[in-house]
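Written out below as structure tokens is the structure these notes cover.
The values are calculated or read from the model by the stated rules, or taken from the named source; none is laboratory data. Note that the structure is predicted; figures quoted are calculated from it, not measured. As a convention, Cβ positions derive from the backbone with ideal geometry for all residues, glycine included, and neighbour counts pool all protein chains shown. Each accessible area value is taken on the protein alone, full model and side chains, heavy atoms only, with ligands, DNA and RNA left out. Shrake-Rupley method; radii C 1.70, N 1.55, O 1.52, S 1.80 Å.
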Amino acid sequence: MKRQAEVVVIGGGVIGTSIAYHLARAGVRDVVLVERDELAAGSTSKAAGGVRAQFSDELNVQLGARSLEAFDRFEEDTGHDIGLHRVGYLFLLSRPEDVASFETGVRLQNSLGVPSRMIDPAEARRLSPLIDTDGLLAAAYSPDDGHCTPEAVVHGYASAARAHGATILRHTDVTGIETYGDQVTAVLTTLGRIDTNTVICAAGAWSKAIGAMVGVDLPVQPLRRQIAVTEPVPGLPPRLPMTIDFTTSLYFHTEGPGLLLGMSDPDERPGFATDTHDRWIPRLAEAMRRRAPGLLDLRRTGGWAGLYENTPDHNALIGQATSVSRFLYATGFSGHGFLQAPAVGEVIRDLCLGRVPFVDVSPLSAGRFAADAPRPEDNLV
């Protein structure tokens, strides 16, 4: 148990371990990461694993593209294989307004170096032969996107962080944060007190409670999302892209010899429940029938539920508090935290060290809601 730390990171998912790794690698001594369960036990281990730079928000494009570069060299940097498959992301579009929106997005992405492009339904079917193109108007495709294994990324970052001197405390709850005036002085845990003047909240769906410990409003709301895994599918293309029917939010990608698939459930209500249920299956089946009818014949062999950490505008909270000194946060990613984790680790490292990050994340400050300056992201899955 460390009694003193230069920085305490709260949360042992992909964001927290990325931050700990980037700080420790930069030479910050006495980085302590506190996780109440096992590493990756929260939202990260339940993620679909998609990695992409196809977004409508310029900041998200930049964070996604920077992270793709980091995922590509992850094994070289950390020694850990993360099962990266850069097979592309394919968004299927069947409404004129979505086509127009994605055309605008592709122009933005191209201006930032992302090789996305609009394609016709015939090419979309060649890339993803399980789909039915009836009613499909167009698709957006970027070959540099893909998917990898979330738990492998977390354990790779954690192992590398330890190698650079960081301490990781598992099965340790944060029970409070002490302040003196506007200064952080300590983090209180179930293992004892850790004296520190810098705290970084990377607690995902549980971040609102952490922010409240220092009077900082982090408007994060948990929402259950479910994933299903199918039996082996003969003849799957080796480079089947992550395929998303944007109208219904149905998505699928390869998972071993089978498929991992999911979609949003508009009937789901906010809360911390992570048990699985079948209430979403009729809507899932209808989406399959419309866009990928071959999926209806596949037997489900497993699945799970996890939590999205949603904000009011479905965009991240990244920055540092103004009301209390040295309280930083990276949370509320609304479904794209895993894919942005490498870049966010860099950004928080630089903010913590007083450096200028590679991208200005001030528009993602938690204070944007009080200032009536939301920053919506449109390309949600």
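Points to keep in mind about this one:
- Test result for residue 221, within 26 Å of residue 49 (Cβ to Cβ) and surrounded by fewer than 21 Cβ atoms within 10 Å (Cβ to Cβ): yes
- For residue 17, the requirement of being of a type in the set (Val, Ile, Thr) and farther than 22 Å from residue 364 by Cβ is not met.
- Residues of segment 111-149 that turn out to be part of a helix (DSSP H, G or I) and charged (D, E, K, R), as a count: 3
- Verdict on residue 331 being open to solvent by 40 Å² or more (accessible area, probe 1.4 Å) and β-branched (Val, Ile, Thr): no
- Every pair of residues 6+ apart whose Cβ atoms lie under 8 Å, when the first sits in segment 350-368 and is of a type in the set (S, T, N, Q) while the second is not in a helix (DSSP H, G or I): 362/319; 365/317; 365/318; 365/319
- Of the candidates 38, 97, 103, 69, the single residue that is open to solvent by 70 Å² or more (accessible area, probe 1.4 Å), part of a loop (DSSP other than H, G, I, E, B) and modelled with pLDDT of 95 or more is 38.
- For segment 297-311, a tally of residues being open to solvent by less than 20 Å² (accessible area, probe 1.4 Å) and outside any strand (DSSP E or B) returns 1.
- Residue under evaluation residue 205, criteria (1) within 22 Å of residue 379 (Cβ to Cβ); (2) open to solvent by 20 Å² or more (accessible area, probe 1.4 Å); (3) assigned to a helix (DSSP H, G or I); (4) not charged (D, E, K, R), criterion not met: (2)
- When restricted to residues that are open to solvent by 20 Å² or more (accessible area, probe 1.4 Å) and either basic (Lys, Arg) or over 14 Å from residue 136 (Cα atoms) (or both), segment 106-121 contains 8.
- Which numbered condition residue 256 misses (of (1) at pLDDT below 95; (2) closer than 18 Å to residue 55 by Cβ; (3) not charged (D, E, K, R)): (2)
- Count of residues meeting criterion [among the small types (Gly, Ala, Ser) and either under 18 Å from the mean Cα position of the chain (by Cα) or open to solvent by less than 10 Å² (accessible area, probe 1.4 Å) (or both)] in segment 78-92: 2
- Filtered residues of segment 169-222 (kept if among the polar types (S, T, N, Q) and either touching a Cys at 6+ places or on another chain (Cβ under 6 Å) or under 24 Å from residue 338 (Cα atoms) (or both)): 172, 198, 207, 221
- If the condition is being among the small types (Gly, Ala, Ser) and either part of a helix (DSSP H, G or I) or touching a Pro at 6+ places or on another chain (Cβ under 7 Å) (or both), then segment 333-381 contributes 337, 341, 343, 345, 362, 366, 367.
- Pick from segment 241-291, criterion part of a helix (DSSP H, G or I), out of contact with any helix residue (DSSP H, G or I) (no Cβ under 7 Å at 6 or more places or on another chain) and open to solvent by 10 Å² or more (accessible area, probe 1.4 Å), ranking: farthest from residue 44 (Cα to Cα): 290
- Any hit, segment 14-25, residues being in a loop (DSSP other than H, G, I, E, B) and open to solvent by 10 Å² or more (accessible area, probe 1.4 Å): no
- Cβ pairs under 7 Å, 6+ apart, first in segment 161-174 and within 15 Å of residue 196 (Cβ to Cβ) and modelled with pLDDT of 95 or more, second open to solvent by 30 Å² or more (accessible area, probe 1.4 Å) and in a loop (DSSP other than H, G, I, E, B): 167/2; 169/191; 172/36; 172/190; 172/191
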